[in-house]
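What follows is a short report on a single structure.
The values are calculated or read from the model by the stated rules, or taken from the named source; none is laboratory data. Owing to the predicted nature of the structure, the values given are computational and were not obtained by experimental measurement. Cβ coordinates were reconstructed from backbone atoms using ideal geometry, including for glycine residues, and neighbour counts include every protein chain displayed.
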Amino acid sequence: MSKIKIAELFYSIQGEGRFMGVPSIFLRTFGCNFKCQGFGMPAGELSQEANNIDPSKYSDYKMLPLVSTGCDSYASWDPRFKDLSPMLTTDAIAERTMELLPYGKWMNEHLVITGGEPLLGWQRAYEDLLEHDDMRSCKDITFETNGTQALTEDFKKYLSVRNKHTEFTFSVSAKLPNSGEQWQDAICPNVVCEYEEYGTAYLKFVIATEQDFADSVGATAQFRAAGFKGHVYLMPVGGVESVYALNNRAVADMAMKAGLRYSDRLQVPLFKNEWGT
């Protein structure tokens, strides 16, 4: 039986991208290869907001404060908060999932495996989880990834079999320079193109400024040149409503200007982006 270190496991609606508004189980794994400290900051500056939060004061994710700059899911990868994320067996994850589903079984709900970065080290455990008796009837599964992690050979073999009766989606939030990450580390077209061999993939760029918009256009061109065929969404920066409200209309206008899709972030206006939403 496999184990996965879980930051959060909750039921909500998908707030972003292709399945916006769909009721979903969110399985947030712990760990990421990026920090994304640049979000919401002036160009070249990195947020220290999450670094100033004292982990010893919190015993539960829902007690953690929200941040207006940097990564809004900071505790799902920051080692200082690792004790808040238990290592759960796939049996325990499946059992809790059944408790969260409205009818105690999969109906029209979607499974969203997110992070952190869910394709880091946990690929080896997903077959065990998804083949669990309580999970096999889930027909729609999304991996929310930053698009830098290649699929392992074992996981590709599993996806090739399972995707005959399950729709896999790779929601790729590729990080632009506004995230604080380096272009050469974050923009990996060949990795993302391979995702398309095992399911549907789309790109989702978080932007706020005209420079971010220009970077998204440049990144899109790079992905297209490598053969990427999926849709591209632009999404506003903003983990809290005050920041989000400054960006959403402008980002929608940019998306229309470029003929790209706009993605809202429903979890911000609906739930204030609280943990567990």
Residue list for the stretch 168-223, filter: of a type in the set (A, V, I, L, M), closer than 23 Å to PHE19 by Cβ and either without any contact (Cβ under 8 Å) to a residue 60 or more places away in the chain or part of a helix (DSSP H, G or I) (or both): VAL172, ALA174, LEU176, VAL191, VAL192, ALA201, LEU203, ILE207, ALA219
Within the stretch 39-57, is there a residue that is more than 26 Å from PHE170 (Cα to Cα), among the hydroxyl-bearing types (Ser, Thr, Tyr) and surrounded by fewer than 20 Cβ atoms within 10 Å (Cβ to Cβ)? yes
So which of TYR126, TYR202 ends up being under 19 Å from the mean Cα position of the chain (by Cα), modelled with pLDDT of 95 or more and over 17 Å from LEU9 (Cα atoms)? TYR202
Among the residues of the stretch 130-163, which ones are of a type in the set (A, V, I, L, M, F, W, C) and more than 13 Å from the chain's Cα centre (by Cα)? LEU130, MET135, CYS138, ALA150, LEU151, PHE155, LEU159, VAL161
Quick one: would you say TYR103 is under 17 Å from the mean Cα position of the chain (by Cα) and without any contact (Cβ under 8 Å) to a residue 40 or more places away in the chain? no
Touching an Asp or Glu at 6+ places or on another chain (Cβ under 8 Å) and under 29 Å from TYR158 (Cβ atoms) - does that describe any residue in the stretch 46-57? no
Any residue in the stretch 130-137 that is part of a helix (DSSP H, G or I), over 29 Å from GLY238 (Cα atoms) and in contact with an Asp or Glu (Cβ under 6 Å, 6 or more places away or on another chain)? no
State all residues of the stretch 224-277 that are more than 22 Å from PRO177 (Cβ to Cβ) and either in contact with a His (Cβ under 8 Å, 6 or more places away or on another chain) or assigned to a helix (DSSP H, G or I) (or both); if no residue qualifies, say none. GLU241, SER242, ALA245, ARG249, MET256, GLN267, VAL268, PRO269, LEU270, PHE271
Specify which of the listed residues (ILE207, ILE187) is β-branched (Val, Ile, Thr) and either closer than 19 Å to TYR244 by Cα or touching a His at 6+ places or on another chain (Cβ under 8 Å) (or both). ILE207
Which of the residues belonging to the stretch 182-215 are touching a Pro at 6+ places or on another chain (Cβ under 7 Å) and farther than 18 Å from LEU46 by Cα? ASP215
Are there any strands (runs of 3 or more DSSP E) wholly within the stretch 1-104 with 3 or more residues that are under 21 Å from GLN149 (Cβ atoms) and in contact with a His (Cβ under 8 Å, 6 or more places away or on another chain), and if so which? none
Check off (1) surrounded by fewer than 16 Cβ atoms within 10 Å (Cβ to Cβ); (2) under 19 Å from the mean Cα position of the chain (by Cα); (3) under 30 Å from GLN48 (Cβ atoms) for GLU167 and give me the number that stays unchecked. (3)
